[in-house]
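Below: one structure, written as structure tokens.
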Amino acid sequence: MDKIYDLIILGAGPAGLTAGIYAGRSRLDVLLIEKGSDGGQIAITDEIENYPGAMVEGESGPSLIARMTQQAEKFGVQRARDTIKSVELTGEVKKLVGSKDTYQARTVIIATGAFPKPIGCENEGKFVGKGISFCATCDAAFFEDFEVFVVGGGDSAVEEAMYLTKFARKVTIIHRRDQLRAARSIQEKAFANPKIHFLWDSVVQRADGEELLNTIVVKNVKTGELTEIKADEDDGLFGLFGFIGYNPNSALFEGVVDMDRGYIITDPDMRTNIPGVFAAGDIRVKSLRQVVTATADGAIAATMAERYLEQ
């Protein structure tokens, strides 16, 4: 393709779509490239309650993303469905080589996101959004007065478990070792919390249920013993939260932009170490990965890309 866009955005999650909305509204010539469906992680979220302006009567990830997509289309954002195989980001014109075509632009926003590491149990995919979650901030309120289980033993897992105690009546941390990896100060708070219980030397082997998760099979890694745990009959379901880390979608940019453990490093204005290249959303180094922070990143990145072009 000989055409040179003002801006190419990689990824049609909340960050990428917001960047498209801002850039399109600024009359930039924008191409948004997505290899799959719009939305990223939020596309599998059944209910959203903590995004400002979400429909009070019930907002789902797909419904919110559908409106974002319509907004981007309204402001003239062009779309391409392609998988980018290689990039050349240095120089005045950036080149992205995909399976279907080659694309060029003067600026690029990387918004390819990150995804939680899977728990690794049987039937996991079947119950994501139906009992299995990877975001306590997003989904804790749906398990008020229910029992929940948390997989992991690091800082994130223990902190999220403590957060869940504000909603759930009982929180059990399932950890494959016999002691936590979280910082000592965090551990002390968890051990002092009467709602938190522990299942040591264990992993979740299988998830089961009809429509919703109500049974898990836990394996003791030392003895091999299997234990089936069923939800209380009055509840009919429980929650299983996985917090064993994230996998950033950044392999394409290794050795190209500066990273920290796979996450792209930016300044507060979303600039990477390469002039004209920005990153937004879950792909960047940040402390909170939520829809609201992703959209903020996208807005900033698009605005800074416009200023870069003006200069």
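Suppose the filter is modelled with pLDDT under 95, touching an Asp or Glu at 6+ places or on another chain (Cβ under 7 Å) and either in a helix (DSSP H, G or I) or of a type outside the set (A, V, I, L, M) (or both); does ARG206 pass it?
On the way: modelled with pLDDT under 95: no; touching an Asp or Glu at 6+ places or on another chain (Cβ under 7 Å): yes; either in a helix (DSSP H, G or I) or of a type outside the set (A, V, I, L, M) (or both): yes.
No; evaluated as a whole, the condition is false for this residue.
Filter region 141-157 down to residues that are within 19 Å of PHE198 (Cα to Cα) and free of Cβ contacts under 8 Å to residues at least 40 places away in the same chain and give me whichever is most open to solvent (accessible area, probe 1.4 Å).
The residue in question is ASP145.
Need the failing condition index for ASP235 against (1) within 21 Å of GLY152 (Cβ to Cβ); (2) out of contact with any Ser or Thr (no Cβ under 8 Å at 6 or more places or on another chain), just the number.
Here ASP235 meets the rest and fails (1).
Just to be sure, is MET270 under 22 Å from VAL30 (Cα atoms) and aliphatic (A, V, I, L, M)?
Values: under 22 Å from VAL30 (Cα atoms): yes; aliphatic (A, V, I, L, M): yes.
Considered against the rule, which asks whether it is under 22 Å from VAL30 (Cα atoms) and aliphatic (A, V, I, L, M), MET270 comes out as yes.
Please enumerate the residues belonging to region 258-273 that are in a loop (DSSP other than H, G, I, E, B) and touching a Pro at 6+ places or on another chain (Cβ under 6 Å). Working first, answer last.
Restricting attention to region 258-273, the residues satisfying the condition of being in a loop (DSSP other than H, G, I, E, B) are 258, 261-262, 265-270, 272-273.
Listed by number, the list holds a single entry, GLY262.
For ASP82, indicate whether it is free of Cβ contacts under 8 Å to residues at least 60 places away in the same chain and out of contact with any strand residue (DSSP E or B) (no Cβ under 7 Å at 6 or more places or on another chain). Talk me through it step by step, then tell me what you get.
On the way: free of Cβ contacts under 8 Å to residues at least 60 places away in the same chain: yes; out of contact with any strand residue (DSSP E or B) (no Cβ under 7 Å at 6 or more places or on another chain): no.
No.
I'd like to check something: does region 221-242 contain any residue that is over 18 Å from GLU144 (Cα atoms), outside any loop (DSSP other than H, G, I, E, B), aliphatic (A, V, I, L, M) and open to solvent by 40 Å² or more (accessible area, probe 1.4 Å)?
yes
Report yes if ILE33 is open to solvent by less than 30 Å² (accessible area, probe 1.4 Å) and in a helix (DSSP H, G or I), otherwise no.
Values: open to solvent by less than 30 Å² (accessible area, probe 1.4 Å): yes; in a helix (DSSP H, G or I): no.
Spelling it out, it is not the case that ILE33 is open to solvent by less than 30 Å² (accessible area, probe 1.4 Å) and in a helix (DSSP H, G or I).
Looking at this structure, is ILE196 in contact with a helix residue (DSSP H, G or I) (Cβ under 8 Å, 6 or more places away or on another chain), open to solvent by less than 20 Å² (accessible area, probe 1.4 Å), among the aliphatic types (A, V, I, L, M) and more than 30 Å from MET68 (Cα to Cα)?
On the way: in contact with a helix residue (DSSP H, G or I) (Cβ under 8 Å, 6 or more places away or on another chain): yes; open to solvent by less than 20 Å² (accessible area, probe 1.4 Å): yes; among the aliphatic types (A, V, I, L, M): yes; more than 30 Å from MET68 (Cα to Cα): yes.
The answer is yes for ILE196.
Which residue, of ASP6, ASP29, ASP46, is touching a Ser or Thr at 6+ places or on another chain (Cβ under 7 Å) and either over 18 Å from ARG289 (Cα atoms) or modelled with pLDDT of 95 or more (or both)? So that I can check it myself, show each step before the final result.
Working: ASP29 fails: touching a Ser or Thr at 6+ places or on another chain (Cβ under 7 Å); ASP46 fails: either over 18 Å from ARG289 (Cα atoms) or modelled with pLDDT of 95 or more (or both).
After ruling out the rest, the residue left standing is ASP6.
From GLY91, GLY113, GLY58, GLY76, grab the single residue that is open to solvent by 30 Å² or more (accessible area, probe 1.4 Å), within 23 Å of the chain's Cα centre (by Cα) and on the phi > 0 side of the Ramachandran plot.
Details: GLY91 fails: within 23 Å of the chain's Cα centre (by Cα); GLY113 fails: open to solvent by 30 Å² or more (accessible area, probe 1.4 Å); GLY76 fails: within 23 Å of the chain's Cα centre (by Cα).
Result: GLY58 is the single residue among GLY91, GLY113, GLY58, GLY76 that is open to solvent by 30 Å² or more (accessible area, probe 1.4 Å), within 23 Å of the chain's Cα centre (by Cα) and on the phi > 0 side of the Ramachandran plot.
Filtering region 264-288 down to residues that are aliphatic (A, V, I, L, M) and open to solvent by 30 Å² or more (accessible area, probe 1.4 Å), which residue is nearest to the chain's Cα centre (by Cα)? Quick ask: steps written out before the conclusion?
Here is the first cut: in region 264-288, the residues aliphatic (A, V, I, L, M) are 264-265, 270, 274, 277, 279-280, 283, 285, 288.
With open to solvent by 30 Å² or more (accessible area, probe 1.4 Å) added as a condition, the list becomes 265, 285, 288.
Details: ILE265: 17, VAL285: 13, LEU288: 10 Å.
Once the filter is applied, the top-ranked residue is LEU288.
Can GLY255 be described as assigned to a loop (DSSP other than H, G, I, E, B), open to solvent by 60 Å² or more (accessible area, probe 1.4 Å) and on the phi > 0 side of the Ramachandran plot?
Details: assigned to a loop (DSSP other than H, G, I, E, B): yes; open to solvent by 60 Å² or more (accessible area, probe 1.4 Å): yes; on the phi > 0 side of the Ramachandran plot: yes.
Spelling it out, GLY255 is indeed assigned to a loop (DSSP other than H, G, I, E, B), open to solvent by 60 Å² or more (accessible area, probe 1.4 Å) and on the phi > 0 side of the Ramachandran plot.
Given the residues ILE229, ILE216, ILE274, ILE196, which is the only one that is β-branched (Val, Ile, Thr) and closer than 30 Å to ALA19 by Cα?
Values: ILE229 fails: closer than 30 Å to ALA19 by Cα; ILE216 fails: closer than 30 Å to ALA19 by Cα; ILE196 fails: closer than 30 Å to ALA19 by Cα.
So the residue among ILE229, ILE216, ILE274, ILE196 that is β-branched (Val, Ile, Thr) and closer than 30 Å to ALA19 by Cα is ILE274.
Hey, can you tell me all the residues within region 167-181 that are at pLDDT 95 or above and open to solvent by 100 Å² or more (accessible area, probe 1.4 Å)? Walk me through it before giving the result.
Here is the first cut: in region 167-181, the ones at pLDDT 95 or above are 167-180.
Across region 167-181, the qualifying residues are ARG176, ARG177, GLN179.
State yes or no: is LYS85 open to solvent by 50 Å² or more (accessible area, probe 1.4 Å), under 19 Å from GLY11 (Cβ atoms), part of a strand (DSSP E or B) and not polar (S, T, N, Q)? Outline the logic, then answer.
Details: open to solvent by 50 Å² or more (accessible area, probe 1.4 Å): yes; under 19 Å from GLY11 (Cβ atoms): yes; part of a strand (DSSP E or B): yes; not polar (S, T, N, Q): yes.
So LYS85 passes the test.
The values are calculated or read from the model by the stated rules, or taken from the named source; none is laboratory data. The structure displayed is predicted, hence computed values, not measured ones. Virtual Cβ from ideal backbone geometry, glycine too; neighbours counted across all protein chains shown. Ligands, DNA and RNA are excluded from the accessible area calculation, which covers all protein heavy atoms including side chains. Shrake-Rupley method; radii C 1.70, N 1.55, O 1.52, S 1.80 Å.
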